[in-house]
Amino acid sequence: MFLCRGWRGVPGVSLRPRGTIPTPARGRSGLGVPRSSHRALSATAGLLKQDDFFRELDREFVKFHKKLKESLPSSDWSPLAPTAELPPERADIVIVGGGVIGWSIAYWLKQKSRRDALRVVVVERDPTYTRASTVLSAGGIRQQFSRPENILMSLYSAQFLRNINEHLGVANEDPIDIQFNPSGYLFLASEEGAHILHDNYTVQREHGAQVTLLSVEQLKKKFPWISTHGVALASYGLENEGWLDPWSLLNAFRRKAISLGAFACHGEVTELKMSVREMVTSDGEPVNFGRIKSVIVQAPNSLETQAVESAIVINAAGAWSSQVAELAGIGIGHPDSLEGVKLPIEPKKRYVYVFHCPDGPGLDCPMLIDHTGAYFRREGFGGNYIGGMSPPEEEEPDISDLEVDHDFFQQKLWPLLANRVPAFESLKVKSAWAGYYDYNTFDQNGVLGIHPLVNNMYIAAGFSGHGLQHSPSVGRAIAELILDGDFQTLDLSAFSFRRFCTGEPVLESNIV
C-alpha cells in the first residue's frame, strides 16, 4: 500500500509510467426509488430535458454571436449582448480568487516579468466583494507571532506598506492611502500562559521585531484604563503594528496589476480539465499524477462558459480553496493514500461588532488581545471600537450565510470586554458584520507552493486570519517559485502541502 504518512516526495519513490488515462467522469450512484415515486421522477426528467434544451439554445446563441462578429470585422455593432469580461481562451497563469492574496500574486508576477511576457488572468466570482474575507477582516498587521516565517513575512509586509506608493502607485492616479494606524498590538497573558508569551517575545526580538514586555505595574502605568485582574505579563509592539483599511490595500494591488496587464475576470471556476498519468510504486501501488489543461469559467447570471487553456493554475480561493482543489482531484482518493490527502482548509464564520463608549480608551488604544481570546481596537476618533472573538470549537456558527448572532456579543463577548476595560460596562452596540476565515484545520498556517501530484497547481491559502497582513510577502513568494524556481526573499518551504502528507504540523501559538 502506498500510504500517505510514509511518503517523503517523488524523488524517494521508484515509479514507472503505465500510460495516460482520461479523467474519470464524476457522477452520482444509483438510488433505489419507490414505485410510487416513478410518476414524479418522470415529471422531473421532463423538466430536466427542457432545461437541457434551453442550455443548448443558449450555447447556439453564443456561437451565432461569434460568427456574426466575425462577419462584421469593421464594425463594433452587435445585435446581441455577449457576457462581459469573459476570460481569454489561453493564458499562461490563471489565478482562482481575486482577494488580496490573488491580486498580490498577479502584481508580483507582472512586476517580476516583462510587461507582456506573461498573460495572467484573475478569476473572481464576487466582484462586489460583499462576501470576501479580505474586506470583512479587522485589518490588523503585527509581528507578534511565534513562527519565524510569520514574523519575517510581517516585517517584509510592513516595509512594503510603508513605501506602498513606490510599489503600487499608478501614474496619473491619486496616491494610495491605506489609512494605516500605527497603534500597535497588546497581548495579555495569564499566569498559565506567561511563559509562552515570553518565549514568543524572545523569538520575535531575535528576528528583528520591535516588541517589549510589560509587567503588570508597567501595563497599568502605560494604559491606566485597563483592569489588570488575571494578567501576569503583557507584550506590546513598538512599531510596524496596527491596522489598515483592507479595501484600500486590495484595490491598490488590483489597480496596479491591471495597469501592468493582468486580466480581471468576473466568473466562477466550475471545472478543471485534467490529464492524468498513472504511475506505480516499487511496491506495485498505482499513483495518479495530474496536470490541469484548462480552467472552465462560468459567466455570472449566464449559461455561458469559457475554457481557458493555462500552463499554471494558482489556487488563491481563500475559504473555498479546498473546493477548488477537489476539482483537480486533490483529496478525493483513498483516505490512506497520497491522493486522498485533502487541502485542510474550510470556512469559519467570525463576527465583528462595532460599539460606542464615550468614556472608553483614547488615541493610545492599541489592538488589545486578551488571554481569554476577546479582542478590540479603536475605530476612528469618536469613541467607537470594533471587537470580537473566536467561539469554542463545539459552538462554531453555521457558515451557510453571513448573518450575525447578536446574542453572542451580549452573552459571551461583552462580559470579557467589561472585565478588561471597566468603562465598557456602559457601551452600546451600533452595528456588526460577519466574515469568513480561510481556516487551516491542520495547523492554522498558510499553504504555499505546488501540489505534489498536480504538477501545475500552486496553492496560496489557509492563512487563518492573517492573510491580509502577509499578502505582500505571499504574492512575492509565489511569483518567485514560478519565475525563479525557488523562494528567494524568504524561505517559506515549511508551509508546503507536503506537511499534510508527512503529518508534521507547523504550529503557530499566536492565532487570533
Residue pairs within 7 Å by beta carbon, gap of at least six or interchain, first lying in segment 177-206 and part of a strand (DSSP E or B), second loosely packed, with under 14 Cβ neighbours inside 10 Å and of a type outside the set (D, E), listed first then second, are none
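Quick one: would you say A423 is over 17 Å from K342 (Cβ atoms), open to solvent by 10 Å² or more (accessible area, probe 1.4 Å) and not in a loop (DSSP other than H, G, I, E, B)? Walk me through it before giving the result.
Numbers: over 17 Å from K342 (Cβ atoms): yes; open to solvent by 10 Å² or more (accessible area, probe 1.4 Å): yes; not in a loop (DSSP other than H, G, I, E, B): yes.
It is true that A423 is over 17 Å from K342 (Cβ atoms), open to solvent by 10 Å² or more (accessible area, probe 1.4 Å) and not in a loop (DSSP other than H, G, I, E, B).
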All-but-one check, I482 against (1) closer than 30 Å to F409 by Cβ; (2) part of a helix (DSSP H, G or I), failing number (1)
Filtering segment 89-119 for residues that are at pLDDT below 95 and touching a Cys at 6+ places or on another chain (Cβ under 9 Å) leaves a count of 0
With criteria (1) modelled with pLDDT under 95; (2) not in a loop (DSSP other than H, G, I, E, B), L507 comes up short on (2)
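Just to be sure before I move on: is E149 of a type outside the set (G, A, S), open to solvent by 20 Å² or more (accessible area, probe 1.4 Å) and more than 30 Å from A299 (Cα to Cα) in the structure I sent? Spell out the reasoning first.
Values: of a type outside the set (G, A, S): yes; open to solvent by 20 Å² or more (accessible area, probe 1.4 Å): yes; more than 30 Å from A299 (Cα to Cα): yes.
In short, yes.
Keeping to segment 471-488, report how many residues are over 30 Å from D370 (Cβ atoms) and in contact with a helix residue (DSSP H, G or I) (Cβ under 6 Å, 6 or more places away or on another chain). Can you show your working first?
First pass over segment 471-488, keeping only residues over 30 Å from D370 (Cβ atoms): 475-488.
After this cut, where a residue has to be in contact with a helix residue (DSSP H, G or I) (Cβ under 6 Å, 6 or more places away or on another chain) as well, the list is 475-476, 478-479, 483, 487-488.
The total comes to 7.
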Expected single match for open to solvent by 20 Å² or more (accessible area, probe 1.4 Å) and not in a strand (DSSP E or B) among E309, E271, E278, E239 is E239
Being of a type outside the set (A, V, I, L, M), surrounded by fewer than 19 Cβ atoms within 10 Å (Cβ to Cβ) and at pLDDT 95 or above narrows F187, F160 down to just F160
Residue set S215, S235, S259; condition more than 22 Å from D364 (Cα to Cα) and at pLDDT 95 or above; output residue S259
Checked pairs for segment 144-168, first over 22 Å from L109 (Cβ atoms), second open to solvent by 10 Å² or more (accessible area, probe 1.4 Å) and aromatic (F, W, Y), C-beta under 7 Å and 6 or more apart or across chains, list as Q144/Y185; Q144/F187
By residue number, the members of segment 202-220 that are open to solvent by 50 Å² or more (accessible area, probe 1.4 Å) and either among the acidic types (D, E) or farther than 23 Å from A138 by Cβ (or both) are T202, R205, E206, H207, E217, Q218, K220
Residue count, segment 470-509, condition open to solvent by less than 10 Å² (accessible area, probe 1.4 Å) and either under 16 Å from G102 (Cα atoms) or out of contact with any Phe, Trp or Tyr (no Cβ under 9 Å at 6 or more places or on another chain) (or both), comes to 13
Picked from segment 312-339 (must be part of a helix (DSSP H, G or I) and open to solvent by less than 10 Å² (accessible area, probe 1.4 Å)), the residue modelled with the lowest pLDDT is L338
Restricted to segment 403-443 and to residues being in contact with a His (Cβ under 9 Å, 6 or more places away or on another chain) and of a type outside the set (V, I, T), the residue nearest to P224 (Cα to Cα) is R420
Of the residues in segment 403-420, those that are open to solvent by 80 Å² or more (accessible area, probe 1.4 Å) and farther than 27 Å from T130 by Cβ number 1
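So which residues in segment 207-231 are in a loop (DSSP other than H, G, I, E, B), β-branched (V, I, T) and either in contact (Cβ under 8 Å) with a residue 24 or more places away in the chain or under 13 Å from R147 (Cα atoms) (or both)? I'd like the intermediate steps shown before the answer.
To start, the set of residues in segment 207-231 that are in a loop (DSSP other than H, G, I, E, B) comprises 207-210, 215, 223-231.
Still in the list and also β-branched (V, I, T): 226, 228, 231.
Matches in segment 207-231: I226, V231.
What number of residues in segment 242-256 are assigned to a helix (DSSP H, G or I) and either open to solvent by 80 Å² or more (accessible area, probe 1.4 Å) or not aliphatic (A, V, I, L, M) (or both)? Show your work before the answer.
Going residue by residue through segment 242-256, those that are assigned to a helix (DSSP H, G or I) are 246-256.
If we keep only those that are either open to solvent by 80 Å² or more (accessible area, probe 1.4 Å) or not aliphatic (A, V, I, L, M) (or both) as well, we get 246-248, 251, 253-256.
Total meeting the criteria: 8.
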Checked segment 453-466 for anything under 26 Å from A434 (Cβ atoms) and either open to solvent by 10 Å² or more (accessible area, probe 1.4 Å) or in a strand (DSSP E or B) (or both); matches are I459, A460, A461, G465
G382 passes all but one of the listed conditions (1) more than 26 Å from the chain's Cα centre (by Cα); (2) not hydrophobic (A, V, I, L, M, F, W, C); (3) not in a loop (DSSP other than H, G, I, E, B); the exception is number (3)
Contact list, first residue from segment 235-260 and under 26 Å from Q210 (Cβ atoms) and of a type in the set (S, T, Y), second anywhere and open to solvent by 10 Å² or more (accessible area, probe 1.4 Å) and assigned to a strand (DSSP E or B), beta-carbon distance below 6 Å, six or more apart or interchain, is S235/F187; S235/L213; Y236/T212; Y236/L214
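Does Q144 count as part of a loop (DSSP other than H, G, I, E, B), surrounded by 15 or more Cβ atoms within 10 Å (Cβ to Cβ) and not aliphatic (A, V, I, L, M)?
Yes.
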Note to self: Taking the conditions exactly as written (touching a residue at least 24 places away in the same chain (Cβ under 8 Å) and polar (S, T, N, Q)), does S294 satisfy them or not?
What the structure shows: no
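The values are calculated or read from the model by the stated rules, or taken from the named source; none is laboratory data. Just so it is clear, the structure is predicted and the values come from calculations on it, not from any experiment. No Cβ is skipped: glycine too gets one built from the backbone with ideal geometry, and neighbour counts run over all protein chains shown. The area values use the complete protein model at the heavy-atom level, side chains included, leaving out ligands, DNA and RNA. Shrake-Rupley method; radii C 1.70, N 1.55, O 1.52, S 1.80 Å.
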